[in-house]
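Read the structure below first, then the notes.
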Amino acid sequence: MSLRILELFSGLGGWRYALQGMGEVIAAYDISPTANATYMLNHGDRPIARELASIAPATMAAHQADLWAMSPPCQPFCRMGNRHGLEDRRSKAFLNLIDILPLAPPQHLIMENVSGFLGSNAHELIEGTLKKLGFHTHTCELCPTQFGIPNQRPRLYLLASQRPLKTAIAPQIPPVSIAIYLDSEEDPSLYLDPQVLAKHKPGLDLVRPDEHRTACFIGGYGQRFVGSGSFLKTDHGIRRFSTAEVARFMGLPPTFRFPEEISIEQRYKLLGNGLNIPVASWVARQLSV
């Protein structure tokens, strides 16, 4: 396949990694300066810093894209969010894109979001719109643990095409050891000090290097403790996973890096809002099955 790809809510460029070999990303859109700087550093192209809530149909149509790949804001649907769905202000960009879809439809669309998107009014809207336009759709919930990755990150994937879809059976590969994903040298600054441990240890999700599971890392992992992801228990104490380790769980390549000026909190946030590359790549390949 050689598709013209439009990457919406592009973030770190996860879909660009996942869709390698399937075509060319002709444009990416994101309003986050830190995300766009990271995207530029790793992909050599700077996303268009334009709010999708107000983008015009003519602008979208001018791209002549074959595939829309997107991960809209998940906060309106996530377990720790307000779950206001389409009434949330952060859904305005998604709503505008749904309005544009009948006016400039691509051949294919692929979307990722949290599991809470399933059954929401937003899910009902996009499924109904796609079917009215004659798209064939397939929705599935997948987790990296099915792909041998020791990280629990269940996500909903929606695949749509103007051609019939022949979807494959998802893998069921046992997760490998956490140790495979760890840095060769630890950063001592990642260890939690005694005061923090005294306050938060009862609520921490603790794992050891020889285990085969970590909890989902969210955008607040650099600042929050309980419910933000796992912490590693070693012979030296308890520490955060490094941003490089989280990036490995996400399937980002060894060449991936952040601009030096971006803080560690911003790095965790970008990773927590990111896409698991191996899982997304498997879903995308269903377009060519």
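The values are calculated or read from the model by the stated rules, or taken from the named source; none is laboratory data. These numbers come from a predicted model, not from an experiment. Quick reminder, even Gly has a Cβ in these numbers, built from the backbone with ideal geometry, and neighbours come from all protein chains shown.
Assorted remarks:
- Total residues in the range 7-37, condition in contact (Cβ under 8 Å) with a residue 60 or more places away in the chain and over 21 Å from Asn276 (Cβ atoms): 1
- The range 229-281, subset within 19 Å of Leu182 (Cβ to Cβ) and free of Cβ contacts under 8 Å to residues at least 24 places away in the same chain, residue surrounded by the most Cβ atoms within 10 Å (Cβ to Cβ): Pro254
- Residue within the range 217-225 that is under 27 Å from Leu3 (Cβ atoms), basic (Lys, Arg) and modelled with pLDDT under 95 present: no
- Count of the range 171-218 residues which are surrounded by fewer than 16 Cβ atoms within 10 Å (Cβ to Cβ) and either more than 23 Å from Ser281 (Cβ to Cβ) or among the aliphatic types (A, V, I, L, M) (or both): 25
- Check on Glu124, modelled with pLDDT under 95 and among the acidic types (Asp, Glu): yes
- Taken together, Asn121, Asn151 contain a single residue that is in the same structural domain as Phe94 (by TED's automatic domain parsing) and closer than 24 Å to Asp210 by Cα, which is Asn151.
- Tally of residues being over 17 Å from Ser288 (Cα atoms) and among the hydroxyl-bearing types (Ser, Thr, Tyr) across the range 129-143: 1
- Residues that are touching a residue at least 60 places away in the same chain (Cβ under 8 Å), in a loop (DSSP other than H, G, I, E, B) and of a type outside the set (S, T, N, Q) within the range 175-220 comprise Leu182, Asp183, Glu211, His212, Arg213, Ala215, Cys216, Phe217, Ile218, listed in sequence order.
- Screening Leu275, Leu271 for residues that are under 24 Å from Pro73 (Cα atoms), within 18 Å of the chain's Cα centre (by Cα) and part of a loop (DSSP other than H, G, I, E, B) leaves exactly one candidate, Leu275.
- The residues on offer are Gly23, Gly14, and the sole one that is within 17 Å of the chain's Cα centre (by Cα) and surrounded by 15 or more Cβ atoms within 10 Å (Cβ to Cβ) is Gly14.
- Inspection of the range 196-208 identifies at least one residue that is in contact with a strand residue (DSSP E or B) (Cβ under 8 Å, 6 or more places away or on another chain), modelled with pLDDT under 95 and either closer than 23 Å to Met111 by Cα or outside the structural domain of Ala69 (by TED's automatic domain parsing) (or both).
- Some residue of the range 109-116 being closer than 29 Å to Ala215 by Cα, touching an Asp or Glu at 6+ places or on another chain (Cβ under 7 Å) and either touching a residue at least 24 places away in the same chain (Cβ under 8 Å) or part of a helix (DSSP H, G or I) (or both): yes
Yes or no, residue by residue, for (1) under 20 Å from Leu95 (Cβ atoms); (2) at pLDDT below 95; (3) outside the structural domain of Glu261 (by TED's automatic domain parsing); (4) not hydrophobic (A, V, I, L, M, F, W, C):
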| residue | (1), (2), (3), (4) |
| --- | --- |
| Leu8 | yes, no, yes, no |
| Leu12 | no, no, yes, no |
| Pro33 | no, no, yes, yes |
| Pro57 | yes, no, yes, yes |
| His63 | yes, no, yes, yes |
| Leu67 | no, no, yes, no |
| Pro73 | yes, yes, yes, yes |
| Phe77 | yes, yes, yes, no |
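- Scan of the range 224-257 for residues that are aromatic (Phe, Trp, Tyr) and farther than 19 Å from Ser184 by Cβ, ordered by number: Phe225, Phe231
- Scan of the range 138-169 for residues that are part of a loop (DSSP other than H, G, I, E, B) and surrounded by 17 or more Cβ atoms within 10 Å (Cβ to Cβ), ordered by number: Cys143, Ile149, Pro150, Asn151, Gln152, Arg153
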